[in-house]
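Below: the structure, in structure tokens.
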Amino acid sequence: MSIILAIESSCDDTSVAICNDGKITANVVANQLVHQNYGGVIPELASRVHQQNIVPAIVKALADAKVNKNELNAVAFTQGPGLLGSLLVGVSFAKSFALGLNLPLIAVNHMQAHILAHFIDEPKPVFPFFCLTVSGGHTQIVLVKNYFDMEVVGETLDDAAGEAFDKTAKILNLPYPGGPLIDKYAQLGNPLRFNFVEPKIPELNFSFSGFKTAILYFIRDNVKINPNFIDENLNDICASVQHCIVRILSNKIKLAAVKYNINQIAIAGGVSANSGLRNTLQEEAKINNWQVFIPKFEYCTDNAAMVAMAAHFKFLDNDFVNQDVMPMARMPIV
Ligand code: KG4
Ligand code: ZN
């Protein structure tokens, strides 16, 4: 039996979860709205708001799970990758909390946690499977051989898919984070109205920087002709952009599935909340005879439940860290 408290603070969400013997019994997420005023996450502000949010989030998670802190068996935290100042808040709190309660500490890789979110609910994938991890900082095709045995077989050479969504939103004067808004408007638009060319990138890698520039020029040229171009065509622009990003992602995962002869495909990370990606993968699953794993919305974007789940498997392996552990802004998945 194990009751683990897990803290996630890698970016701009402060989250605390409890995992009771492999079952998530609390998952508190405190979003930071302050960044909306700036068009992106301001690292300094994120750290400060984590400091304000972390204790209330801990108290609420313990209350939601109906657990007393003295009943905990371990404290887990996101070690990286992420914003260093944000990570420091979670890591320092976890260390002090564990020290005060004389509990073992578990360090979790944020990207591994996104993938292991698939083990929270049924149906669970069976090893080996592919996971397309698509977030604000990552776009990778990961061959998942075991809980902590993962191999990156393809990744972005420049921007992440989430950045492609967020930067397009910025060009369209939409607030941060733009991904969910593009998704919302895309559902009302025609995805075939504007055609954006898919970049030709070898093997299983991706590139989104040229795509972003193409959108920038496309909007600039059209606004020159018609100053109301964005307002008059917002739904169709969002639908067409989303259609192209989703096509880039799904074509590469199709290639990977054939190359490795793997038919279990999972998606993880913030962009896996995208309705276009979710629908396209469901359709591709029927055509290609895949089993597709799509997390619940609350486990797509950053959350501590996924960290708690990863920590559960580390607890079973007796994989603990010492008090001298440090956060890592860059932390490879393998
Ligand atoms: O995993 P995540 O919450 O944070 C990181 O670890 O980066 O991912 C955040 C990214 C942002 O770029 C956000 O715009 C994108 O996920 N995102 C979406 C959607 N929801 C979140 N992108 C497209 N469609 C969505 N529905
Ligand atoms: Zn994330």
**In region 1-26, the residues that are of a type in the set (S, T, N, Q) and more than 26 Å from GLU163 (Cα to Cα)** = SER2, ASN20, THR25
**Request:** Tell me, please, whether a residue that is in contact (Cβ under 8 Å) with a residue 12 or more places away in the chain, open to solvent by less than 10 Å² (accessible area, probe 1.4 Å) and more than 14 Å from VAL16 (Cα to Cα) can be found in region 60-68.
**Result:** no
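Conditions tested, residue by residue: (1) closer than 22 Å to LEU192 by Cβ; (2) in contact (Cβ under 8 Å) with a residue 60 or more places away in the chain; (3) more than 16 Å from ligand 1 (Cβ to nearest atom).
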site	(1), (2), (3)
VAL223	yes, no, yes
ASN226	yes, no, yes
CYS244	yes, no, no
GLY270	no, yes, no
ASN274	yes, yes, no
GLN282	yes, no, no
ILE294	no, no, no
ASN303	no, yes, no
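Yes/no matrix, rows are residues, columns are (1) closer than 13 Å to PHE208 by Cβ; (2) within 16 Å of the chain's Cα centre (by Cα); (3) more than 16 Å from ligand 2 (Cβ to nearest atom); (4) acidic (Asp, Glu):
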| position | (1), (2), (3), (4) |
| --- | --- |
| HIS138 | yes, yes, no, no |
| VAL144 | no, no, yes, no |
| MET150 | no, no, no, no |
| LEU157 | yes, no, yes, no |
| ALA169 | no, no, yes, no |
| PRO180 | no, yes, no, no |
**Request:** Confirm whether ALA239 is of a type in the set (Gly, Ala, Ser), surrounded by 18 or more Cβ atoms within 10 Å (Cβ to Cβ) and in contact with a strand residue (DSSP E or B) (Cβ under 8 Å, 6 or more places away or on another chain).
**Result:** no
**Message:** Condition first: more than 6 Å from ligand 1 (Cβ to nearest atom) and open to solvent by less than 40 Å² (accessible area, probe 1.4 Å). Now tell me which residues in region 170-180 satisfy that.
**Reply:** ILE171, LEU172, LEU174
**Given (1) in a loop (DSSP other than H, G, I, E, B); (2) surrounded by fewer than 24 Cβ atoms within 10 Å (Cβ to Cβ), number of the condition ASP302 does not satisfy** = (2)
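The values are calculated or read from the model by the stated rules, or taken from the named source; none is laboratory data. The structure displayed is predicted, hence computed values, not measured ones. Ideal geometry is used to build each Cβ from the backbone, glycine not excepted, and the neighbour counts take in all protein chains shown. For accessibility, only protein heavy atoms count, side chains too; no ligands or nucleic acids. Shrake-Rupley method; radii C 1.70, N 1.55, O 1.52, S 1.80 Å.
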